[in-house]
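A short write-up of the structure that comes next.
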Amino acid sequence: MGKRVGVLMGGWGEEREISLKTGEAVVAALEARGHTVSRIFAGPGLDRALRSAELDVAFLALHGRMGEDGKVQGLLELMGLPYTGSGVLASALAMNKPMAKKLFRLHNLPTPLGYRLGRADISRALELHGDLGFPCVVKPACGGSSVGLSVVREPEALSAAVAQACRFGGEALVERMARGREVTVGILGEEVLGTCEIATPREGFDYDAKYKGGSRYFLPARLSPTRVANVESLALAAYRALGCRGYGRVDLICSEDESDVILEVNTLPGMTPVSLLPKIAAQKGLDFPSLVEHILSLATRDEVDVSEAPLAPEMPSAVPVAVAQRAAS
């Protein structure tokens, strides 16, 4: 049976345009599957728009801050509306890259060394960099789509790169650059869909490489079966370490010395015509409408039962202090 689905798209952040493309692709796929679809443009008054649409479920086509970071998920939880993708906590953890890295290390999962800087630290960036070395990668601490990402090769360029990253959320993550093949692992539900290798004409899979062409994709990745199995095992462990659900995409670097490191987990990966998760799904024989339908079928919410607090027992009437003192005397 068709459902009344609200596709949340747009949003407040720098990834709005990518979100709109994802949203329109999802709308077309859901309508082709017989669902009644409403476009819900995220922004001021989102709660009113959701209530007036009278939905059965929300399909999140949002990316980046204020959409992928747990805030909208929290609103949907309060409204009791099932939604696609990860819950509030997992969304917040995955979006906050420094926090996600701490959890990866807690679970003994390899990730590049790095540290966080704020706007107040820009003038001291080189001093705080210490012996991390160059080249390094600088990106917003909370963000996606490689917006604000820079590869810094010389010390003199570090402060400017940090300032650029801090434009998107106020904090930057500086990481030791991991060299090797960049791969991404698609996950649907609790199963790995497959692995794609990304070859770009320059260092770093930045915004232009993602959305303006020039990159090549290898499905399956040009790795041995044993290596692919290790990469996919790491990706699934990272996904689970953050408590993700529904679907996701995990980015890694596979070096020539056969060591693999986790870069990040994407809880709402792009679903545009050039996006990686649909490419991986297609390699497995899952076309785009089928992928969207499967994601929709996994929509849920935390459904935490909140019981009413018991009534406090009646307390005896308070005796005025002055009266109590006179009685005592």
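Below are the figures for this structure:
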{"quantity": "Of residues in segment 135-149 being in contact (Cβ under 8 Å) with a residue 40 or more places away in the chain and either hydrophobic (A, V, I, L, M, F, W, C) or open to solvent by 20 Å² or more (accessible area, probe 1.4 Å) (or both), the one nearest to ALA92 (Cα to Cα)", "calculated": "CYS142"}
{"quantity": "Test: residue in segment 110-124 that is in contact with a Pro (Cβ under 7 Å, 6 or more places away or on another chain) and either modelled with pLDDT under 95 or more than 27 Å from GLY11 (Cα to Cα) (or both)", "calculated": "no"}
{"quantity": "Segment 226-245, residues that are under 13 Å from the mean Cα position of the chain (by Cα) and closer than 9 Å to ILE187 by Cβ", "calculated": "TYR239, CYS244"}
{"quantity": "Candidate set from segment 1-25 (those that are of a type in the set (D, E, K, R) and farther than 17 Å from HIS35 by Cβ); member that is surrounded by the fewest Cβ atoms within 10 Å (Cβ to Cβ)", "calculated": "GLU17"}
{"quantity": "Some residue of segment 200-223 being polar (S, T, N, Q) and either under 19 Å from the mean Cα position of the chain (by Cα) or at pLDDT 95 or above (or both)", "calculated": "no"}
{"quantity": "So ARG249, is it modelled with pLDDT of 95 or more, of a type in the set (Lys, Arg) and open to solvent by less than 50 Å² (accessible area, probe 1.4 Å)", "calculated": "yes"}
{"quantity": "Restricting segment 214-236 to residues that are open to solvent by 40 Å² or more (accessible area, probe 1.4 Å) and aliphatic (A, V, I, L, M), the residue that is farthest from MET99 (Cα to Cα)", "calculated": "LEU219"}
{"quantity": "Selected residue (only one of PRO273, PRO269 is in contact (Cβ under 8 Å) with a residue 60 or more places away in the chain, closer than 20 Å to LEU219 by Cβ and surrounded by 22 or more Cβ atoms within 10 Å (Cβ to Cβ))", "calculated": "PRO269"}
{"quantity": "Residue that is nearest to GLY130 (Cα to Cα) [pool: residues in segment 152-176 that are open to solvent by 30 Å² or more (accessible area, probe 1.4 Å) and in a strand (DSSP E or B)]", "calculated": "ARG176"}
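The values are calculated or read from the model by the stated rules, or taken from the named source; none is laboratory data. Quick caveat, the model's predicted, so the values are computed rather than measured. Because the Cβ atoms are built from the backbone with ideal geometry, glycine has one as well, and the counts that use them run over all protein chains shown. Keep in mind that these areas ignore ligands, DNA and RNA; they rest on the heavy atoms of the full protein, side chains included. Shrake-Rupley method; radii C 1.70, N 1.55, O 1.52, S 1.80 Å.
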